[in-house]
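Everything on this sheet refers to the single structure shown next.
The values are calculated or read from the model by the stated rules, or taken from the named source; none is laboratory data. For clarity, every value in this text was computed on a predicted model and none was experimentally measured. In this analysis, Cβ positions are derived from the backbone assuming ideal geometry, glycine residues included, and neighbour counts consider all displayed protein chains.
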Amino acid sequence: MDTTVTAGAVLLHGRFEEPVELTMAHLRALPEHRAEVSFDCLSAGPQRHVFEGALLWDVLRAARPLVDFKGRKQRLRHLVAVTGADGHLVVVSWAEFDPDFGAQPILLATTMDGRPLDAEGPQLVVPTDVCGARYVSGITAVRLAEAAACA
Ligand SMILES: Nc1nc2c(c(=O)[nH]1)N[C@H]1C(S)=C(S)[C@@H](COP(=O)(O)O)O[C@H]1N2
Ligand SMILES: [Mo]
């Protein structure tokens, strides 16, 4: 598959009919959510930030994922792998953000502390995480996968 993407845009790929190139404008067109968070960084200590952006749930639903929504169990094998421009890669499991399960308001943030993130790209926000390591900045790719396909 061709994985080239416009600078500043996020390649949303994997379990979709078609890969989607997500721009900041796409993210801002979705309902905006705000998160005031604090987390601990191993190297820099306690951090506090205010983020605004789209729910990961809304981003995925809008892209019409190849996920069976009729029941509940079928969704739980999915995971979302988020990559930053520097190669930092983290995984979020589907149940963490699905409103029928963990219901966490995980964001793809378009602003941090009131500053637009257009130059670097969106940032993952995982409000209940104690450590900051999943707050991936400069996101370049979001991949929806089935766990069985990763084995
Ligand atoms: N792309 C990318 N994002 C990243 C990291 C990284 O190495 N690369 N480090 C993470 C870690 S360890 C922390 S604690 C937070 C720090 O976020 P801040 O600099 O916005 O406070 O960013 C996270 N996001
Ligand atoms: Mo960190």
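A few notes on this one:
- Qualifying residue in the range 53-70 (condition: away from ligand 1 (no atom under 16 Å from the Cβ), in contact (Cβ under 8 Å) with a residue 40 or more places away in the chain, part of a loop (DSSP other than H, G, I, E, B) and among the β-branched types (Val, Ile, Thr)): yes
- Out of Arg115, Arg134, Arg143, one residue alone is basic (Lys, Arg), within 15 Å of the chain's Cα centre (by Cα) and away from ligand 2 (no atom under 16 Å from the Cβ). It is Arg143.
- Note on the range 115-151: among residues that are assigned to a strand (DSSP E or B) and exposed (fewer than 14 other Cβ atoms within 10 Å of the Cβ), the one that is nearest to ligand 1 (Cβ to nearest atom) is Cys131.
- Among the residues of the range 93-113, those identified as closer than 21 Å to Leu27 by Cβ, out of contact with any strand residue (DSSP E or B) (no Cβ under 7 Å at 6 or more places or on another chain) and assigned to a loop (DSSP other than H, G, I, E, B) are Asp98, Pro99, Ala103, Gln104.
- Any pair with Cβ under 8 angstrom, 6 or more apart, that starts in the range 5-30 at a residue that is hydroxyl-bearing (Ser, Thr, Tyr) and ends at one that is at pLDDT below 95: Thr23/Thr6; Thr23/Gly8; Thr23/Ala9
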